[in-house]
1. Can you tell me how many residues within the stretch 172-217 are farther than 25 Å from ALA123 by Cβ, in contact with a helix residue (DSSP H, G or I) (Cβ under 6 Å, 6 or more places away or on another chain) and assigned to a loop (DSSP other than H, G, I, E, B)?
2. Anything in the stretch 76-96 that is surrounded by 15 or more Cβ atoms within 10 Å (Cβ to Cβ), closer than 26 Å to ARG33 by Cβ and free of Cβ contacts under 8 Å to residues at least 60 places away in the same chain? List them, or say none.
3. Which condition does LYS180 not pass, out of (1) free of Cβ contacts under 8 Å to residues at least 40 places away in the same chain; (2) farther than 19 Å from GLY134 by Cβ, if it passes all the others?
4. Checking GLY45 against (1) surrounded by fewer than 14 Cβ atoms within 10 Å (Cβ to Cβ); (2) more than 21 Å from CYS6 (Cα to Cα), which test does it fail?
5. When you scan the stretch 126-139, do you find a residue that is loosely packed, with under 12 Cβ neighbours inside 10 Å and touching a residue at least 40 places away in the same chain (Cβ under 8 Å), even just one?
6. Being under 18 Å from TYR9 (Cα atoms) and aliphatic (A, V, I, L, M) narrows it down to one residue among VAL203, VAL226; which is it?
7. For the stretch 39-135, which fully contained helices (runs of 4 or more DSSP H) count at least 3 residues that are among the β-branched types (Val, Ile, Thr) and within 19 Å of CYS159 (Cα to Cα)?
8. Only one residue in ASP168, ASP152, ASP206 is crowded, with 20+ Cβ neighbours inside 10 Å and of a type in the set (Asp, Glu), so which one is that?
Amino acid sequence: MSDPGCPTYLIAGGRGSERLRGPDPLAQEVIRRTGLRRPRIAYIGAASGDNPAFRLLIGGILKKAGAGEVTLAPLCGRRASAAAAQKVLEAADLVFVSGGDVEEGMKVLREKAILPFLRHLHAAGKPFFGISAGSIMLARAWVRWTDPKDDDTVELFPCLGFAPVICDTHGEADDWGELKAALALNPAGTVGYGIVSGTALVVEKDGSVGARGGEVHVFKGRKTGVAQIANLVPPGGVE
């Protein structure tokens, strides 16, 4: 088992092609924080239907950054098996949650009845990290519209909650519309994090947060609406 003090890394993805010439520094930091040499990574691809091309791409990035074997926990398609997925997850040093569709990913985890097992692993100290939709799945909750044509049908649905935050990833182009909608459904004073493309939010075990790779946008829900407050800046500032 890895260090139970390992934080949860919520990576936005995107704007990272410049990193692919060498090891990805965000992935390197995640792996370094485990304190293990070549840690084994379990890959949860529920949000992308266990898409093999995406898995191979991510697996290559993680191995270049110092990971050992990256093994799919099969939850989608003909090869889906909750029992096999549990074996992969149990044997791994680190669990990665892929991008894709947040609601679909959570639906798969519920239908395969693997949520209690994931919560058990997290409570026992198994570190988790995600990218894009996978990062949102690791957070508290997310938004959906029961009628996409009617803004009044927006509602929250629960996610894993391993990182006790509300966040969105690479939503800067639309001014964080979904994140603001999520905050509007939470009590006034709730803080949300807009994880900009190419950056990550690090959520430590004590609940404290930090930025990596660049500034993370921060918003706060108020009775009069949602307002942006001071951004999180990574250690050493922004180049």
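Rule-based calculations on the coordinates, nothing more; no lab input. This one's a predicted model, so the numbers in the text were calculated from it and none came from an experiment. A quick note on method: Cβ atoms are made from the backbone with ideal geometry, for glycine too, and the neighbour counts reach across all protein chains shown.
1. 2
2. ALA85, GLN86, VAL88, LEU89, ALA92, VAL95, PHE96
3. Failed condition: (1).
4. It fails just one condition, (1).
5. No, the conditions are met nowhere in the stretch 126-139.
6. Sole residue among the options that is under 18 Å from TYR9 (Cα atoms) and aliphatic (A, V, I, L, M): VAL203.
7. Filter on the stretch 39-135 gives an empty set.
8. On the way: ASP152 fails: crowded, with 20+ Cβ neighbours inside 10 Å; ASP206 fails: crowded, with 20+ Cβ neighbours inside 10 Å.
Unique residue meeting the criteria: ASP168.
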